[in-house]
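Bear in mind that the values in this text are calculations on the coordinates, not laboratory data. If you're wondering where the values come from, they're calculated on a predicted model, not measured in any experiment. Cβ atoms come from the backbone with ideal geometry, glycine included; neighbour counts cover every protein chain shown.
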Amino acid sequence: MVRAQFDGLVGQDTAIALLWRAVDQQRVAPAYLFAGPHGVGRRLAAERFAEILFAPPSGAPSPALGRRIAQRNHPDLLWVEPTYLHQGKLIGASVAAQEGLSRKSPPQTRLDQVRQIAQFLGRPPLEAPRAVVVIEAAETMAEGAANGLLKTLEEPGQATIILLAPGPQSLLPTLVSRCQTIPFQRLNATDMAAVLAQVEQTEVLAQPQILAMAQGSPGGAIAAYNQLQSIPPELLTALHQPPHSLREALDQARQVAKTLDTEAQLWLLDYLLNWYWQSYPAESPRWLPKLEAAKGYLRRFVQPRLVWEVMLMDLVKS
C-alpha cells in the first residue's frame with residue numbers, strides 16, 4: 001500500500017515511512033522540510049504526498065489527480081520555484097531554461113512570491129480537504145523573504161507547506177523550527193541505475209565522470225549530462241588539460257565567456273574540478289584552488305571573461 005502511493009520513489013524508505021505514518025495517524029504537520037540533495041526524489045515525494053492529501057477521505061488518489069498535480073493545475077496547489085528578474089518581470093527557473101534566457105545570476109525565491117503564498121492561503125480550499133504549497137529550492141530565499149514566510153508557517157490555516165532544501169543548515173533556524181524534517185538520502189549505484197532506467201536515461205550510466213559528479217543523485221546526473229551536451233565538444237576537449245600558452249589561455253577564456261551563461265560556467269568549473277582531481281592527482285592540490293577561486297569571483301559578478309583569463313593564465317604558469 002505504501003509503495004503504491006509513492007510509486008516511482010526509489011531508495012527513500014525512511015521518508016516514505018514518516019510521511020505515511022503521518023497520514024495513517026491523521027497527524028499531518030502544517031509544515032515539512034524535505035531535506036536532502038537535489039535530484040534524489042524530493043519533488044516526486046512532494047507530488048505523491050499532495051495526491052494523498054488531496055484525495056477524498058473515502059478514496060485513494062486517482063490517476064487524473066496525479067496528472068493535475070504533475071501539471072501544476074490543481075486549484076489547491078501552489079508550486080513555487082526560484083525566479084529570475086528579467087526585463088522587470090519574475091521568470092521561473094524552469095521557464096527561463098526552456099526559453100533559453102540569458103542568466104547572469106542565480107535564481108531566488110523572492111518576497112513577492114512569499115506574499116503570493118499568503119494570498120493563496122487566505123482563501124479556503126476549493127476542491128481538496130486542504131491546500132498544499134511546495135517551495136522548491138527554499139535555500140534561495142533571502143532573509144527578508146524567509147522572515148516574511150515565518151508568520152505563514154505559524155498560521156497556515158487549512159494547508160500544508162512543504163519546503164525543499166538541501167538540509168536544515170541551509171535555512172534560517174526559525175524556519176526549520178516550524179517544520180517537521182523528512183530526510184532524503186543519496187542513492188546507491190543499484191538504485192541510481194533503476195531510476196535512470198525508469199526515466200529512460202540509461203545513456204547517463206555510460207558517463208562515469210557525470211556519475212561521480214552526481215554523487216548518488218539521479219536528477220543531478222541527468223542535469224549534468226544535459227549540460228555536458230550543451231558545451232561544444234572541441235572546447236570541452238581543450239579544457240580537459242591546462243592551456244599550453246598564454247595565447248591559448250586567452251582564446252579559451254574568450255570562447256567560454258562567449259558560449260556559456262554564468263550558471264553554465266559555474267557548472268563547467270565544477271566539472272573541471274572533478275576532471276582535474278581524477279586526471280591529474282599530482283597537480284590537483286595546486287590547480288584546484290584556482291578553479292574554486294574562479295567560482296567565487298563568478299558568484300560575485302566579476303566579468304566572466306576576465307575570471308577565465310586570470311584562472312587559465314595561472315594554470316599556464318603552473
Under a Cβ-only charge scheme (Lys and Arg +1, Asp and Glu -1), can you give me the dipole magnitude of segment 233-317 about the Cα centre, in debye to the nearest 20? 240 debye
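Got the relative contact order for segment 2-183 handy, in percent, Cα pairs under 8 Å and 6 or more residues apart? Please report the intermediate quantities before stating the final value.
Numbers: 271 pairs, mean separation 59.2, N = 182.
For segment 2-183, the relative contact order is 33 percent.
Quick check on the exposure proxy: order TYR32, TYR297 from fewest to most C-beta atoms within 10 angstrom.
Values: TYR32 24, TYR297 16.
With the fewest neighbours first, TYR32, TYR297 line up as TYR297, TYR32.
Nearest 5 is fine: what % of DSSP beta bridges in the chain come out antiparallel, could you say?
Of all bridge pairs located within the chain, approximately 20 percent are antiparallel.
Sequence gap at least 6, Cα distance under 8 Å: using those rules, report the relative contact order of the chain to the nearest whole percent.
Working: 434 pairs, mean separation 64.7, N = 318.
With pairs under 8 Å counted, the relative contact order is 20 percent.
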Selected from TYR271, PRO243, LEU306, residue furthest toward positive end of dipole (segment 233-317; charges at beta carbon): LEU306
Area projected by the alpha carbon convex hull of segment 189-229, averaged over all directions, nm²: 2.4 nm²
For the chain, inverting the pair-averaged 1/r of distinct alpha-carbon atoms gives a Kirkwood value in Å of 21.5 Å
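Hey, fewest Cβ within 10 Å first, where do HIS244, HIS38 land in order? Walk me through the intermediate numbers first.
Values: HIS244 9, HIS38 17.
Listing HIS244, HIS38 from fewest to most nearby Cβ atoms yields HIS244, HIS38.
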Measure out, as a whole number of angstrom, how far apart the alpha-carbon centroids of segment 247-272 and segment 140-178 sit. 36 Å
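Just want the ordering: GLU283, GLU263, from fewest to most Cβ atoms lying within 10 Å of their own Cβ.
Numbers: GLU283 14, GLU263 19.
With the fewest neighbours first, GLU283, GLU263 line up as GLU283, GLU263.
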Convex hull projection area averaged over all views, segment 160-308, Cα basis, nm²: 11.6 nm²
Starting from one equal scatterer on each C-alpha and no solvent at all, send me the Debye-based log10 I(q)/I(0) for segment 233-317 at q = 0.10, 0.15, 0.25, 0.26 Å⁻¹, two decimals. -0.20, -0.46, -1.43, -1.56
Charged-residue dipole, Cβ positions (Lys, Arg, Asp, Glu), the chain about Cα centre, Debye nearest 20: 560 debye
